[in-house]
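Readers should treat all values here as calculations from the given coordinates under stated rules, not as data from a laboratory. Everything quoted here is computed from the prediction, not taken from an experiment. Every residue, glycine among them, receives a Cβ derived from its backbone with ideal geometry; neighbour counts consider all protein chains shown.
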Amino acid sequence: MTDNVHTGNVSTGSIPDERPPSNTVGPVAWLRNNLFNTWYNALLTILIAWLLFKAIPPLLDWLIFSANSFGTPPQVCRQEGGACWTFVSEKLRFVMFGTFPYDEQWRPLVTIVIIIALVLASCDRRFWKPWLALVWIAGLTAVGVLMWGGVLGLTYVENTLWGGLPLTLMLSVVGLSVAFPASVLLALGRRSQLPAIRVISVTYIELIRGVPLISLLFMASVMFPLFLPTGVNFDKLLRAQIAFIMFAAAYMAEAIRGGLQAIPKGQYEAADALGLNYWQAMGKIILPQALAISIPPLVNTFISFFKDTSLVIIIGLYDLLGTAKAALSDPAWRGFYREAYLFIGVIYWVFCYSMSKYSQKLERDLRRGHRR
Amino acid sequence: MASETRDTARPSAPGGVSFSLSDPTVRAVFYQVLVVGIVIAVGWFLIHNTLDNLSKRSIATGFGFLEREASFGIGESLIDYHPRDSYGRAFLVGVLNTLKVSIIGVVLATVLGTLIGVARLSSNWLIAKLASTYVEIVRNIPPLLQLFFWYALVSESMPPVRQALNPIPGVFLSQRGLFVPVPSADPVWGTMGFALAIAVIGVIFLRRWAKARQERTGQPFPIGTASLGLLIGLPLIAYIAGGAPTALDVPKLQGFNFVGGVVLTPEFFAILVGLVVYTAAFIAEVVRSGILAVNWGQTEAARALGIDSGKTLRLVVLPQALRVIVPPLTSQYLNLTKNSSLALAIGYPDLVSIANTTLNQTGQAIEGVAMIMGTYLVISLGISIFMNWYNKRIALVER
């Protein structure tokens, strides 16, 4: 039957069967398009592939195959080369919790869990409701009770013993949550039509943003004691926390100012037309929109702020970086800096990278909301 | 406070009290007086306490201490410095060290950042992936951690001074840094500097003349080659005319350290590499977004006109991308300069570190912190003014 059909129109000549073009799909085509599309790209590809081939096997060998773990003493580690993960397992609790009393270290651990849970919950847009603020207050109270103790049968631990990851997380989370309302006020002040208020806000923001964070920390550590009446004294942690709040407020105010500037003038006029007063207009119409626009830059401020908490090492507090450095100064374990910095580097990286991915996702979602 | 001033014209309610808070003008004045009053009260409270505390601890205020003998050594300095010199001179050494690391850092970070930003847009998959991996790793790790890592890498992996590595004759590598021979002092260096200055002025005039000629006749002039020739040629002639001295100042081991030559200290190396690697990741993103902001149609149009790819980049894409790039790039330069204060943590003698030593020795906390903040404000302001001037120059002139 098929023969008949074919023979019927054979004279016109059927188009010969051709193979699909091979150069558009498949791994070979992918290679040609993405790695060898021009002669200099081909050259670069070969050069980089050769460098990677030279670099990666020794790196993997150091990281995994010749690495020593659990229980290998430092002397053996030094002789054998390769990463010494014993250092991390030996020093893990010190690096994570600092000098917090050993038997009580479940408390900072629970603190870490609470803070991470709070942050994760705040990332979900379904939870962006007024009661979230109450959850935060409850969570931070629980954190305070756990870290200080002294109530509910927990022994009292003074905050000079705090350290490690809980300190890093608390400095950033408490700093940001206190700085946020202050930054909203500063941003509004900067856009205010009252000259005195505008000048004060602008001066504050530009002054803080013009100097390095270290100088603020110095101010906190050497000048705050002079500022206070005789007999009143803050401890080091609180002083550092105040410096961080001052710093974060100025940077967040600028992020929020961007959001305020993006609100069309018609919105202000509409608020005026409705007869709303300044605070009603801001609270009900302008700020909700401005804050939604500022969320991605705010998250970027959070990321840099989280990284900057590592500077407290300079005024002698032991955050995550501080404890890692202190662990390295143990004579028995000197020289394992690669392991130590790699370990805490990964911790910092996981926090910052997930925040930045979240901010990118949020930016896409919010833009979708604005599309018509 | 948009609503308040805008409706000042509205007459107050009939029979209302003239000093009522519902009158917008009165309200505006009231709030401002209130806020200014609070700021002044807080300020007075702090100053009062401070003066009180200072007199109790019998610390003299003022900057008189700057003329006293510093009596501490500084590891590296651009100008002559001796522990017998004054605190003022020590501070100047610190400022110069900060400027040195910032300027070199800004230049290197711009070069590296631009390379990586362009690499992220490469059609070569391997290069693009490597560049984005670099950016994602580097910018999500605290800069201080990176500094500590670089510093440990030099100070822990390099041999001690006595077993210094000697890869090329005259070059020594040890825990104390990299020692490199330099040409010994000779009058010809001064002459060469003078020749270079003349060459720079010549280039400026040549550019002006070439531009005028092109506008008049339409003939382009090979300005790049000519400038390069001037800049290299004139100093070279001066060098040969000066007898072409070849004497070298070679570092020699003397006591516990090397003497002579030029040294790249581990502290300087760590702070420079740390700042450059960290800031380059951010500059790469700035450059990438700037290039992406230029419409692809512009490149296609240039190609359709038969302009080659180098000229397309230089005359079409870059001028437009720069408008997007310059403002965020300014922030990155400011960040790099401010981050150079992290040098304190690894012992590079920048201005913060020297001011810190000073205030620890003298107890002049307020003056010390004020000097740090003041200097950074001046530097930041300088960078902002320069970059804003540059930004204005390249900004789009709309009719």
- [ ] Enumerate the lysines that residue A:325 could reach by cross-link, defined here as Cα to Cα under 27 Å, with residues fewer than 8 away along the same chain left out.
- [x] A:91, A:236, A:307, B:338
Open item on the list: Are there any chymotrypsin sites (Phe, Trp or Tyr not before Pro) in segment A:93-153 that are in a DSSP loop and have at most 15 other Cβ atoms within 10 Å? List them by number.
Closed with: A:128
Task: Nearby lysines by direct alpha-carbon distance to residue A:284 (threshold 19 angstrom, same-chain neighbours under 8 apart not counted) - done: A:129, A:265
Task: Any cysteine of the protein assembly as shown lacking a neighbouring Cys Cβ under 4.7 Å - listed by number - done: A:123, A:352
Task: Helix-only [θ]222 nm of chain B, DSSP H runs n ≥ 4, -39500 (n - 2.57) each, per residue, nearest 500 - done: -22000 deg cm²/dmol
Task: Cα-based Rg / Dmax (Å) for the protein assembly as shown - done: 31.6, 117
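Add +1 for every Lys or Arg and -1 for every Asp or Glu among the other residues with Cβ under 13 Å from the Cβ of residue B:114, and state the total. Could the numbers behind the result be given before it?
Working: positive: B:120, B:288; negative: B:285.
My count for the surroundings of residue B:114 gives +1.
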Open item on the list: Treating only the Cα positions of chain B as identical point scatterers, give the base-10 log of I(q)/I(0) from the Debye formula at each q in 0.09, 0.13 Å⁻¹.
Closed with: -0.86, -1.34
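Let me know the shape class of segment A:162-317, please: from the alpha-carbon gyration tensor, a ≥ b ≥ c as square roots of the eigenvalues, rounded when a/c is under 1.5, otherwise prolate if a/b is greater than b/c, or oblate. Please list the in-between numbers first.
Numbers: a/c = 2.60, a/b = 1.89, b/c = 1.38.
Judged from the Cα gyration tensor, segment A:162-317 comes out prolate (a/c at least 1.5, a/b above b/c).
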Task: Largest-first principal axis extents of the Cα set of chain A (Å) - done: 110, 78, 44
Open item on the list: Can you work out the Karplus-derived ³J(HN,Hα) for every residue in segment B:370-378? Use 6.51 cos²θ - 1.76 cosθ + 1.60 with θ = phi - 60°, whole Hz, and x for glycine or proline.
Closed with: 4, 5, 4, 5, x, 4, 5, 4, 5
- [ ] Can you spot the aspartates and glutamates whose alpha carbon is less than 19 Å from residue B:100's alpha carbon? Ignore those fewer than 8 places along the same chain.
- [x] B:76, B:80, B:267, B:350
- [ ] Net charge near residue B:91: determine it from the other residues with C-beta under 13 Å of the C-beta of residue B:91, scoring Lys and Arg +1 and Asp and Glu -1.
- [x] -2
TODO: Once you've got the GNM for chain B with C-alpha springs shorter than 10 Å, pick whichever of B:357, B:375, B:312 has the biggest mean-square fluctuation.
DONE: B:312
TODO: Would you grab the residues whose amide H sits under 5 Å from the one on residue B:182? Only those 5+ places off in sequence or on another chain, please, with H modelled 1.01 Å from N.
DONE: B:249, B:261, B:262
Task: Dipole of chain B [Lys/Arg +1, Asp/Glu -1 at C-beta], most positive-end residue of B:266, B:220, B:157 - done: B:220
- [ ] Under a 10 Å cutoff between Cα atoms, tell me which one of A:348, A:318, A:40 has the largest fluctuation in the Gaussian network model of chain A.
- [x] A:40
Task: Percent of Cα pairs exceeding the 13 Å cut-off, where the set is segment A:280-323 - done: 65
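Counting other Cβ atoms within 10 Å of each Cβ, which chymotrypsin sites (Phe, Trp or Tyr not before Pro) in segment B:239-286 have at most 10 and sit in a DSSP loop? Mind dumping the intermediate values first?
Working: sites: B:239, B:256, B:258, B:268, B:269, B:278, B:282; in loops: B:256.
Counting only loop positions with at most 10 other Cβ atoms within 10 Å, the chymotrypsin sites (Phe, Trp or Tyr not before Pro) in segment B:239-286 are B:256.
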TODO: Treating only the Cβ atoms of Lys and Arg (+1) and Asp and Glu (-1) as charged, compute the dipole magnitude of the protein assembly as shown about its Cα centre; round to the nearest 20 debye.
DONE: 1680
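Please express the shape of segment A:133-225 as an equivalent ellipsoid: the semi-axes are the square roots of 5 times the eigenvalues of the C-alpha gyration tensor, given largest first in whole angstrom.
On the way: eigenvalues 222, 70, 21 Å².
With the √(5λ) rule applied to segment A:133-225, the semi-axes are 33, 19, 10 Å.
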Open item on the list: Where in chain A is the longest stretch that carries no GluC sites (Glu not before Pro) classed as loop by DSSP and with at most 13 other Cβ atoms within 10 Å?
Closed with: A:159-372
